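Notes for the one structure printed next.
The values are calculated or read from the model by the stated rules, or taken from the named source; none is laboratory data. The structure displayed is predicted, hence computed values, not measured ones. No Cβ is skipped: glycine too gets one built from the backbone with ideal geometry, and neighbour counts run over all protein chains shown. SASA here: full protein model, heavy atoms, side chains in, ligands and nucleic acids out. Shrake-Rupley method; radii C 1.70, N 1.55, O 1.52, S 1.80 Å.
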Amino acid sequence: MDPFSLKNKVILITGASSGIGRSCSVECSKRGANLILVGRNHNELMITVSLLAPGTKAEIIAADITQTENLEAMIADKVADLGKISGFIHCAGIEKTLPLKKHSPALYRDIFEINVIAGFEIAKILSLKKYKDETSSFVFIASAAGLVGEPGKAAYSASKGAVISGVRSLAMELCRNNIRVNSISPAMVNTPILEKMFEEIGEEASSEIIRKHPLGIGNPEDVANACIFLLSDASKWVTGTNMVVDGGYSAQ
Ligand SMILES: NC(=O)c1ccc[n+]([C@@H]2O[C@H](COP(=O)([O-])OP(=O)(O)OC[C@H]3O[C@@H](n4cnc5c(N)ncnc54)[C@H](OP(=O)(O)O)[C@@H]3O)[C@@H](O)[C@H]2O)c1
């Protein structure tokens, strides 16, 4: 049996309507997983479904996952259709690059609600016996910004640092339920979030950021492949870690 196979696994992926989450969905389907795809934009989720490997069973949850009171009922519904869940990727997130003087409590709250709280609330639901397969693996997409300082990123970096440290505690708590929990910290990856950030900071600052990546800017598949490893049995002895996938950005 290929240790990297995801055959017979049901994996829930947030942020599946775009960028890294869409790529994770496609790559997981190629390795045999059935999927629950989560995002707000129904049309974009349907585009992701159209890209999946033939034969993949996929269910969609089109919802704002910061509205946490509805999450469990929506997940329960999909588990009834596809079976218990053995993998979770929290890829939904927002990024803001703004000078500190433009940061506000509302900005911190908005960023933390999706980047941190929504993911941890879903992890809570997916750790319940009624939704969880015998073993499970949770992967949170953090960021190199959670490890390395960047101007304009106080709220975003704080949220990603919270993910990285929260993951370690989740790993310690959930190991007794046979759940492994890890994060992945990418540097700049070519997706809509990056295009928006480059618009915000201008050409000169964008070129400077690109220059800081020894292997260049990443592609969504570079992150998806790391997710495959962490979701599969190939990583069955890996928990509580933060895997840096950043083209050498944070090594300098
Ligand atoms: N791209 C990079 O350079 C980079 C680098 C490091 C880390 N990351 C992290 O990687 C993750 C994915 O980024 P990306 O580049 O793929 O971004 P993206 O293309 O902008 O995708 C973001 C995803 O998050 C979903 N989302 C946002 N708010 C949501 C909400 N309230 N409820 C449900 N879904 C929500 C969006 O879905 P809808 O629009 O359908 O709601 C979309 O699918 C993020 O956590 C980001 O911080 C990205």
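Considering every residue within region 2-24, establish whether at least one is open to solvent by 10 Å² or more (accessible area, probe 1.4 Å), modelled with pLDDT under 95 and either under 17 Å from Val79 (Cα atoms) or of a type in the set (S, T, N, Q) (or both).
yes
Name every residue in region 187-234 that is more than 13 Å from the ligand (Cβ to nearest atom), in a helix (DSSP H, G or I) and of a type outside the set (Asp, Glu), in order of residue number.
Ala205, Ser207, Arg211, Asn225, Ile228, Phe229, Leu230, Leu231, Ala234
What are the residue pairs meeting all of these: first residue in region 184-205, first residue more than 17 Å from Leu98 (Cβ to Cβ), second residue assigned to a helix (DSSP H, G or I) and within 6 Å of the ligand (Cβ to nearest atom), Cβ atoms under 8 Å, and 6 or more apart or on different chains?
Pairs that qualify, where the first residue is more than 17 Å from Leu98 (Cβ to Cβ) and the partner is assigned to a helix (DSSP H, G or I) and within 6 Å of the ligand (Cβ to nearest atom), are Pro186/Ile20; Met188/Leu194; Val189/Gly19; Val189/Ile20; Thr191/Gly19; Thr191/Ile20; Pro192/Gly19.
Tell me, yes or no, whether region 154-169 has at least one residue that is surrounded by fewer than 23 Cβ atoms within 10 Å (Cβ to Cβ), within 15 Å of the ligand (Cβ to nearest atom) and under 22 Å from Pro214 (Cα atoms).
Yes; the residues of region 154-169 include at least one that is surrounded by fewer than 23 Cβ atoms within 10 Å (Cβ to Cβ), within 15 Å of the ligand (Cβ to nearest atom) and under 22 Å from Pro214 (Cα atoms).
Would you mind telling me which numbered condition in (1) over 19 Å from the mean Cα position of the chain (by Cα); (2) surrounded by 15 or more Cβ atoms within 10 Å (Cβ to Cβ); (3) not acidic (Asp, Glu) Pro214 fails?
If we test Pro214 against (1) over 19 Å from the mean Cα position of the chain (by Cα); (2) surrounded by 15 or more Cβ atoms within 10 Å (Cβ to Cβ); (3) not acidic (Asp, Glu), just (2) comes out false.
Among the numbered criteria (1) within 15 Å of the ligand (Cβ to nearest atom); (2) touching a residue at least 60 places away in the same chain (Cβ under 8 Å); (3) open to solvent by less than 30 Å² (accessible area, probe 1.4 Å), which single criterion is violated by Leu45?
(2)
Only one of Leu51, Leu37 is modelled with pLDDT of 95 or more, farther than 22 Å from Ser235 by Cα, within 16 Å of the ligand (Cβ to nearest atom) and crowded, with 24+ Cβ neighbours inside 10 Å. Can you tell me which? Working first, answer last.
Numbers: Leu51 fails: crowded, with 24+ Cβ neighbours inside 10 Å.
The unique qualifying residue is Leu37.
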